[in-house]
Amino acid sequence: MFILDSTIWVEAFMDEITRKIKDFGVILRCIFDINKSKIDFFIKDEKIKSYDVNFECNKESVADDVINFVRLPRFDFYIFWYDLLNENSLLELFIGQIKGEITKIRYTKREKFSFLDGIDKTDLSEIFEISIKKYFESNKKTINGVSQEVGLMIKKQLLTDNFEAYSVDFDDFDLLVIKEEKYVSFFCIMDEEFIEYPVSNTELSILRRELIKKFELYNKLNRFNKNKITDNISKTIQIASLILTPINLFLLYCISKKIEWVVQIVDNRYIYYALGGILAFISIGVVVWVIIPAIYLARFNWKIKRKKLL
């Protein structure tokens, strides 16, 4: 068992963090208030930001104004001292928060359509570029590109520049529609600040519901195509045709030679009923299992029919 002096630990962290922040062109100093367990950041003599210091691994709060010096047993984002010293992209966001440029380092209230994970990139692009745009345009919403400033805000939240985005004007706020590598997500922004999506606005929930219906149909058709049901049925029909053809030739030959037992079979009307039933079943099967699914597969698109809002 050993005891670590947390004051020395925090002071070593402050020395290193101020040095790294200076590399970004920002000169500040910080003071550790041991009585309040806070680190205060100053530019010149003005205190601009304070952070609580946490050494408890069972800490419930993952607030953006707490610097954690222990790993927490959770998946939610939280500020960890080691990450700040080793991830420049995170440190850049931390600097932005200290300077008051952003209120949160990681915005956790974004809406994410993660159920789209796994679909082809072309389908994801169609959903992003066509389906969602037309969905909002059908409700007379204006679609705009995002400014450089807003694009930078998105980049700071996602910690990546691998995304595409546009905004939907909702009068009171703008809805940012973002295509990431595997799914589509949404942010709400008002006066160049991220806000929580208004619960009273049902647009996004309806869009999600309708897209899930489309996604289920997409998976169903994909399974049909993947299992090669059409090919298997076509092969079965071909085999049946190959079998029936020599049988027909044999019967014609026997009739021409007036072979009695064959003539009796051919003259039996129930044989024709049976053959007619088989042919009818095959024809209906072709329509139901081949033609109709093939038409659905060929005509499938991600267009969403707009329904009346609840």
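Net length available on complete extension from S256 to E46 is 64.4 nm, with 0.36 nm assigned per residue and the Cα-Cα distance removed.
You can think of it this way: the chain between I34 and L152 has 38.9 nm of extra reach, that is 0.36 nm per residue less the Cα-Cα gap.
Please get the size of the charge dipole for the range 6-98, origin at its Cα centre, with Cβ charges of +1 on Lys and Arg and -1 on Asp and Glu, quoted in debye to the nearest 20.
On the way: 12 positive and 17 negative charges, 28 e Å.
Using Cβ point charges on Lys, Arg, Asp and Glu, the range 6-98 gives about 140 debye.
Let me spell out the model: positive unit charges on the Cβ of Lys and Arg, negative unit charges on the Cβ of Asp and Glu, origin at the Cα centre of the range 111-219. What dipole size does that give, in debye rounded to 20? Kindly include the intermediate steps, with their values, before the conclusion.
On the way: 14 positive and 23 negative charges, 88 e Å.
With Lys and Arg at +1 and Asp and Glu at -1, about 420 debye.
Each Lys or Arg adds one and each Asp or Glu subtracts one; over the other residues with Cβ under 9 Å from the Cβ of I43, this totals +2.
The calculated FRET efficiency for the pair T202 and I295, based on their C-beta separation and a Förster distance of 30 Å, comes to about 0.35.
The Cα trace of the range 6-98 gives Rg and Dmax of 12.6, 37 Å, the first to one decimal, the second as a whole number.
A simple rule links phi to the HN-Hα coupling: the Karplus curve 6.51 cos²θ - 1.76 cosθ + 1.60 with θ = phi - 60°, which for the range 13-22 gives 4, 5, 4, 6, 5, 5, 5, 5, 5, 4 Hz, with x for Gly and Pro. Kirkwood analysis of the range 111-219, using all unique Cα-Cα pairs, places the hydrodynamic radius at 14.3 Å.
Site pair I195 and D15 shows an inter-label distance of 4.6 nm when each label is modelled 7 Å from Cα along Cα→Cβ. Does the range 110-163 classify as rounded, prolate or oblate by the C-alpha gyration tensor (a ≥ b ≥ c root eigenvalues; a/c under 1.5 gives rounded; else a/b over b/c gives prolate, otherwise oblate)? In terms of gyration-tensor shape, oblate.
Excluding F128 itself, what net charge comes from residues whose Cβ is under 13 Å from its Cβ, given Lys and Arg +1 and Asp and Glu -1?
-2
Other residues lying with their Cβ under 13 Å from the Cβ of N162 contribute a combined charge of 0, Lys and Arg counting +1, Asp and Glu -1.
Read-outs throughout are calculated quantities, based only on the coordinates presented, and are distinct from any laboratory measurement. What you see is a predicted model; the values in this text were computed from it and never measured. Glycine gets a Cβ as well: all are built from the backbone with ideal geometry, and neighbour counts include every protein chain shown.
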